[in-house]
Structure formats: structure tokens, C-alpha cells
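Derivation of every value follows stated rules applied to the coordinates shown; laboratory data play no part. All values derive from a computational prediction rather than experimental measurement. FYI the Cβ positions are ideal-geometry reconstructions off the backbone, even for glycines, and counts take in every protein chain you see.
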Amino acid sequence: MAARKAGNGHALGIDLSEPQRERARRDAAAEGIANIAFERGDAQVHPFDGPGFDVVISRGGVMFFADLVAAFEHLREAMAPGGRLAFVGPQPGDAGNAYARATAALTPYLREPSPAARGMGSLLAPERITDVLTAAGFRDIEISPVNADMGFGADARDATDFVFSMAPIRHTLRSVDADVLAGLRDQVRDALGEFETPLGVRIPGGVWVVTAGR
Ligand SMILES: C[S@@+](CC[C@H](N)C(=O)[O-])C[C@H]1O[C@@H](n2cnc3c(N)ncnc32)[C@H](O)[C@@H]1O
């Protein structure tokens with residue numbers, strides 16, 4: 001999508017994961033998109049060469065940075081003067097939201113602070129996003145809510161596998177007995193049934209779209 005928007009320009013895709021990179025490369029090749037390269041690397045410290053990027057985009061990646069301010073500073077330095085940043089990240093879920101309802105059986109096992117607070121959930125509050133980006137030197141920060149369904153899987157069974165594969169959930173449940181775990185899987189699968197649609201399991205959710213200038 002970035003390469004298409006770039007027109008005569010060029011895009012670089014970067015991800016820590018080799019399977020993600022390979023998948024992206026295959027998809028771009030299949031669609032005949034030539035003005036993009038994909039590299040495997042850590043965006044927090046990757047040596048971005050060249051004159052500087054006009055735009056830095058992330059869909060659901062930046063909240064995993066270990067040192068948020070240092071990583072965003074590094075990205076800002078990789079941008080051209082006048083460059084723009086845009087990323088998507090999760091909003092905080094409230095206790096009654098659809099995802100909480102679907103996974104209610106797991107609630108008694110959740111410990112605080114959640115391990116997700118150091119990854120997926122590290123940039124939930126708009127004030128925190130603003131503080132981090134300001135400390136990293138960004139300005140004109142705008143944060144807008146966008147509501148969208150999240151695809152969890154083909155059906156309730158597939159979606160249950162996905163829920164139980166997520167690292168914070170696996171970590172939380174790592175010492176739960178196998179028979180208790182099997183019961184929890186059944187309860188979550190039943191609850192996910194509510195969200196089965198012809199397009200798969202779709203759970204309503206919300207994200208922030210964040211933009212800022214260099
Ligand atoms: C929720 S996935 C989103 C993947 C993809 N952007 C998309 O929209 O489908 C988060 C991705 O961030 C990548 N990631 C996490 N930390 C990273 C880092 N420091 N540098 C590069 N990629 C990172 C992970 O490997 C993973 O592919």
C-alpha cells in the first residue's frame with residue numbers, strides 16, 4: 001500500500017520476523033509492485049541509509065519497542081525534514097467490551113501488571129502516546145479513534161487457537177493444569193461463537209490512528 005502511494009518514489013518494509021518479510025515480499029511480487037524492498041531488522045536500531053524518508057508508517061508494530069522514546073528518536077532521525085509519522089495501535093479495552101466478553105473465562109487468571117503492558121499494551125493512553133512522541137522530538141501530534149472489526153479466525157475453533165497462541169495469554173496460563181486449560185478453551189470457544197459471521201470470527205474493536213511531524 002505504501003509503495004502504491006509512493007508513485008515514482010520508493011518504499012522500504014521492515015519487520016523483525018523473517019516469515020512476515022517473506023510473506024510481504026511474495027505478495028508484492030505477485031502484485032507486480034517493484035518500488036519496494038523488504039528487510040528483516042529491528043526498526044529501533046536499524047541503520048536506515050539514504051537521504052531520509054518522507055513518511056514512516058506502522059500498523060500495529062511500534063508499541064512493541066523496548067525503549068519507546070529512543071526508538072521513535074531513531075525513526076525521526078531516519079526521516080527527511082518535513083517528514084511525517086503515521087501509525088496504528090490499540091485502544092484500551094474496557095471491562096465490558098466485546099473482546100473482554102469473549103475471553104471472560106480467562107479473567108480470573110489475569111495477573112496485574114499484565115505482561116502485555118510491556119508490549120501490545122505499552123501505548124494505550126493518548127497522554128502516554130503524546131508524552132513519548134514529544135520526548136522523541138515529534139510535533140503536531142494527532143490521535144484519532146477508529147472503530148473496526150478485528151478478524152480472529154475462520155470460525156470459533158480457529159479463533160480460540162489464535163487467542164490461546166498470543167504470548168501474554170500463554171504467559172498468563174503457563175502454570176494452569178491441562179484439564180483446567182481444556183475447560184477454559186471450551187468456554188472461550190463457546191463465547192467466541194457469538195462473533196461468528198460468514199466472514200469469520202469478527203470482534204468489534206478500536207484502534208488509535210496517530211500522526212505526527214518531524
Ligand atoms: C501485530 S503485528 C503487525 C504486523 C503488520 N504490520 C500488519 O499490519 O499485519 C506486529 C509486528 O511487529 C513486528 N515488530 C515488533 N517489534 C519490532 C521491531 N522492533 N522492529 C521491527 N518489527 C517489529 C513483529 O515482528 C510483528 O510482525
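With distances taken between every two different alpha-carbon atoms, the stretch 1-103 has a Kirkwood hydrodynamic radius of 15.4 Å.
The calculated Kirkwood hydrodynamic radius for the stretch 141-214 is 14.2 Å, given to one decimal from all distinct C-alpha pairs.
Once the C-beta distance of ALA70 and VAL209 is scaled by a Förster radius of 30 Å, the resulting FRET efficiency is 0.80 to the nearest 0.05. For the chain, a Gaussian network of Cα nodes joined below 10 Å ranks ALA125, ALA34, ALA11 by mean-square fluctuation, and the top entry is ALA34. Rounded to the nearest 10 degrees, the inclination of helix 18-30 to the longest alpha-carbon principal axis of the chain is 70 degrees.
Would you kindly give the portion of the calculated P(r) for the stretch 1-49 that falls above 12 Å, as a percent of all Cα pairs?
Working: 721 of 1176 pairs.
That fraction is 61 percent.
Ellipsoid semi-axes for the stretch 42-213, based on the Cα gyration tensor and the rule √(5λ), read 35, 17, 14 Å when sorted largest first.
For the stretch 78-129, what is the Kirkwood hydrodynamic radius in Å, using each pair of distinct C-alpha atoms? Let's see the in-between values first.
Details: mean 1/r = 0.0736 Å⁻¹.
After inverting the mean inverse Cα-Cα distance, the result is 13.6 Å.
Peptide packing for 110-123, 175-188 was compared via the average number of neighbouring C-beta atoms within 10 Å per residue; ordered from the highest value, the list is 110-123, 175-188.
Roughly speaking, what % of Cα-Cα pairs in the stretch 81-163 are separated by over 17 Å, rounded to a whole number?
On the way: 2106 of 3403 pairs.
Result: 62 percent of Cα pairs exceed 17 Å.
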